[in-house]
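The values are calculated or read from the model by the stated rules, or taken from the named source; none is laboratory data. Remember, it's a predicted structure, so these values are computed and weren't measured experimentally. Ideal geometry is used to build each Cβ from the backbone, glycine not excepted, and the neighbour counts take in all protein chains shown.
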Amino acid sequence: MLEVRDLHVFRGATHVLKGISLDVREGEMAALIGANGAGKSTTLQTLSGLLRPRSGTAVFQGASGPVDLTRKPPERIVGEGLVQSPEGRQIFQSLSVAENLAMGAYLRTDRDEVRQTLERVHDLFPILKERAKAAGGTLSGGEQMMLAIGRALLAQPRLLLLDEPSLGLAPQMIERIFDVIATLKQQGTTILLVEQNAAMALDIADRAYVLENGVITLSGTGPELAGNDRVRRAYLGMAQ
Amino acid sequence: MSQYVFQQIINGLALGSLYALVAIGFSMIYGIVRLINFAHGDLVMIGAFTTLALVGYGVPWPLILMFVLLVGALAGMTIEATVFRPMRGAQQVTGFIATLAVSIVIQNTGLMLLSGQPRNFLFPTFMRQRVQIGAVSASLTDLTIIGLTVMLIALLLVIVYRTRLGAAMRATADNLTAARLMGIAVNRTILTAFAIGSALAAAAGLLWGGKFGQIDPLLGFAPGLKAFIACVIGGVGSIGGAMLGGYLLGLAEVLFVGLLPPQFAGYRDVFVFTLLIVILLLKPSGLFVRHVEERA
């Protein structure tokens, strides 16, 4: 569904991604783990068209066939079904919860189907229905995370990119969010999850990549990486 | 209420309407691109001269208003597409200088093409009559200014708060990156904000000419500056704040001149800017902005 090959991305003069390649297959959950500053968010921003790579390709099987993400503006990429819930949630603080969700469905014209998606999101996160009229900025951190995921789901993603959904949340809330992510996967949504919380990510991932200083240093299935000594030391906080 | 006080209030509301019309666009543009647009006042001038030209051709007034709104929108979109868009992502001071440059270009083009000689600008003569309301009366010009402004603002609020386009504009102003990730074509949204804001400023130009009777190519400076002050008073970036700030400023200015002894009348702007300084000292984020706290 997504094929990234030898992607080089610069931010100003800094060479952030140094030729990364990765794959996400339809229906699977892929995880990209790594330390702060390794280039995880840069990867997702490039896939969403917010950053232009210096070289390399990223081919996505979109709604209208294969598209090279490195050549399309963000609005086209969303239209093809690649949708991102960005790092730090980035909800619209001054818009109501209902308006935030409506913005997720901005490009969709099928009103009835949008209503169905909205019901599905309300089933996943009932709080979003209760607080539909509240301004996004008045929600708690966990509620904002639910709103950010709900908003992305309203775009009807074929591939959902989740950037650090656990960031800044209480452990209980992280459990809840990851339960929802697992549910989404079961329901058939393809997901690329970016996380610093490697233990949680590897636990539910079918395939995982370790990104270090802009290079993918390890890849494998979730359990393989969780069993790898280097991963255990560096990312899972386990002694030898 | 005495006729005198009533007259002053109507006068203040009319002036406040003009300030509000200009300030709203100023604030919308700031809200969406974080740019203090010093060329915004010059759209008032463009609107005033467009009106003057059309009156010369004998075009009926409702059509003139439509046309002025259109010219304002096109002028604003041109400025955005040619000057501000290439500056996107540059340092704020660069954009700031660019808006000053645009203002100087517009003013001097106006001076070259139109000469600096002020022109008489007349609303139709029937506008000069007075309307009797109970024991008091008000000029039809002032009432028209207030009425038209209220209609335009109502239309704007419907667009901004009741349409998909308006929601996209607010989303873009709120969080540009997130708006792009929702599939909003932000350049088009920004263009729309410029079009709407500039159309309102041009409409203010039509009314400005009607109220003051004379126009010249440099007339945009005063409304631009006053709109800026109105925005600071109300809270920069908020449409409601700009609107209330505009009315507050207009009323304060007129009441200051009207209710104090005549020898103070010349100090009108001293009063206005003192008011600005006091408000900045006491409430730097503006009078009408509720602060939404960011939560972790």
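Go through the stretch A:63-78 and give me each residue that's within 16 Å of the chain's Cα centre (by Cα) and facing chain B (nearest Cβ under 10 Å).
Filtering the stretch A:63-78 for residues within 16 Å of the chain's Cα centre (by Cα) gives A:69, A:74, A:77-78.
Hits for the stretch A:63-78 are A:P74, A:I77, A:V78.
Considering (1) within 13 Å of another protein chain (Cβ to nearest Cβ); (2) of a type outside the set (D, E); (3) surrounded by 22 or more Cβ atoms within 10 Å (Cβ to Cβ), say which one A:R11 fails and leave the rest.
Of (1) within 13 Å of another protein chain (Cβ to nearest Cβ); (2) of a type outside the set (D, E); (3) surrounded by 22 or more Cβ atoms within 10 Å (Cβ to Cβ), only one is false for A:R11: (3).
Just the residues that are in a strand (DSSP E or B), farther than 25 Å from A:R230 by Cβ and touching a residue at least 24 places away in the same chain (Cβ under 8 Å), please, taken from the stretch A:14-57.
Across the stretch A:14-57, the qualifying residues are A:S55, A:G56, A:T57.
Restricting attention to the stretch A:163-179, which residues are more than 18 Å from A:L124 (Cβ to Cβ) and more than 12 Å from the chain's Cα centre (by Cα)? Lay out the reasoning, then the answer.
Pass one, the stretch A:163-179, residues more than 18 Å from A:L124 (Cβ to Cβ): A:163-164, A:167-168, A:170-171.
A:L167, A:G168, A:A170, A:P171 - these are the residues of the stretch A:163-179 that are more than 18 Å from A:L124 (Cβ to Cβ) and more than 12 Å from the chain's Cα centre (by Cα).
Do we find a residue being more than 14 Å from chain A (Cβ to nearest Cβ), surrounded by fewer than 24 Cβ atoms within 10 Å (Cβ to Cβ) and not in a helix (DSSP H, G or I) anywhere in the stretch B:190-213?
Yes, the stretch B:190-213 has at least one match.
It is to be established whether one or more residues within the stretch A:15-26 are more than 12 Å from A:V215 (Cα to Cα) and within 14 Å of chain B (Cβ to nearest Cβ).
no
Listed here are the residues, each with its yes/no results for (1) modelled with pLDDT of 95 or more; (2) away from every other protein chain (no Cβ under 11 Å).
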site: A:I91; (1), (2): yes, no
site: A:S94; (1), (2): no, no
site: A:Y106; (1), (2): yes, no
site: A:T109; (1), (2): no, no
site: A:Q116; (1), (2): yes, yes
site: A:G150; (1), (2): yes, yes
site: A:R176; (1), (2): no, yes
site: A:Q187; (1), (2): no, yes
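Residues of the stretch A:153-167 being in contact (Cβ under 8 Å) with a residue 40 or more places away in the chain and in a loop (DSSP other than H, G, I, E, B), which ones?
Correct list: A:L154, A:A155, A:Q156, A:P157, A:R158, A:E164, A:P165, A:L167.
Which of the residues spanning the stretch A:122-162 are out of contact with any Ser or Thr (no Cβ under 8 Å at 6 or more places or on another chain), under 26 Å from A:S64 (Cα atoms) and surrounded by fewer than 23 Cβ atoms within 10 Å (Cβ to Cβ)?
Once the filter is applied, which keeps residues that are out of contact with any Ser or Thr (no Cβ under 8 Å at 6 or more places or on another chain), under 26 Å from A:S64 (Cα atoms) and surrounded by fewer than 23 Cβ atoms within 10 Å (Cβ to Cβ), the stretch A:122-162 yields nothing.
In this structure, does B:L100 turn out to be in contact (Cβ under 8 Å) with a residue 60 or more places away in the chain, more than 19 Å from B:I196 (Cβ to Cβ), surrounded by fewer than 19 Cβ atoms within 10 Å (Cβ to Cβ) and in contact with a Phe, Trp or Tyr (Cβ under 7 Å, 6 or more places away or on another chain)?
So B:L100 fits the description; yes.
What about A:F60, is it more than 11 Å from chain B (Cβ to nearest Cβ) and either part of a loop (DSSP other than H, G, I, E, B) or crowded, with 16+ Cβ neighbours inside 10 Å (or both)?
The answer is yes for A:F60.
Go through the stretch A:98-145 and count every residue that is hydrophobic (A, V, I, L, M, F, W, C) and touching a strand residue (DSSP E or B) at 6+ places or on another chain (Cβ under 8 Å).
3
Filter the stretch A:180-216 down to the residues that are more than 14 Å from the chain's Cα centre (by Cα) and within 20 Å of A:F125 (Cα to Cα), then identify the one that is surrounded by the most Cβ atoms within 10 Å (Cβ to Cβ).
The residue in question is A:T183.
Can you tell me which residue within the stretch B:85-111, out of those that are of a type outside the set (A, V, I, L, M) and within 19 Å of the chain's Cα centre (by Cα), is farthest from B:P223 (Cα to Cα)?
B:F96
State the number of residues belonging to the stretch B:109-132 that are in a strand (DSSP E or B) and touching a residue at least 12 places away in the same chain (Cβ under 8 Å). Steps first, please.
From the stretch B:109-132, those in a strand (DSSP E or B) are B:119-120, B:130-132; that's our starting set.
Narrowing further to those that are touching a residue at least 12 places away in the same chain (Cβ under 8 Å): B:119-120, B:131.
Qualifying residue count for the region: 3.
Just to be sure I understand, how many residues within the stretch B:156-185 are within 13 Å of A:L107 (Cβ to Cβ) and either more than 7 Å from chain A (Cβ to nearest Cβ) or not in a helix (DSSP H, G or I) (or both)?
The number of residues fulfilling the criteria is 6.
Scan the stretch A:84-110 for residues that are aliphatic (A, V, I, L, M), in contact with a Gly (Cβ under 8 Å, 6 or more places away or on another chain) and surrounded by 20 or more Cβ atoms within 10 Å (Cβ to Cβ) and report the count.
So the count comes out to 4.
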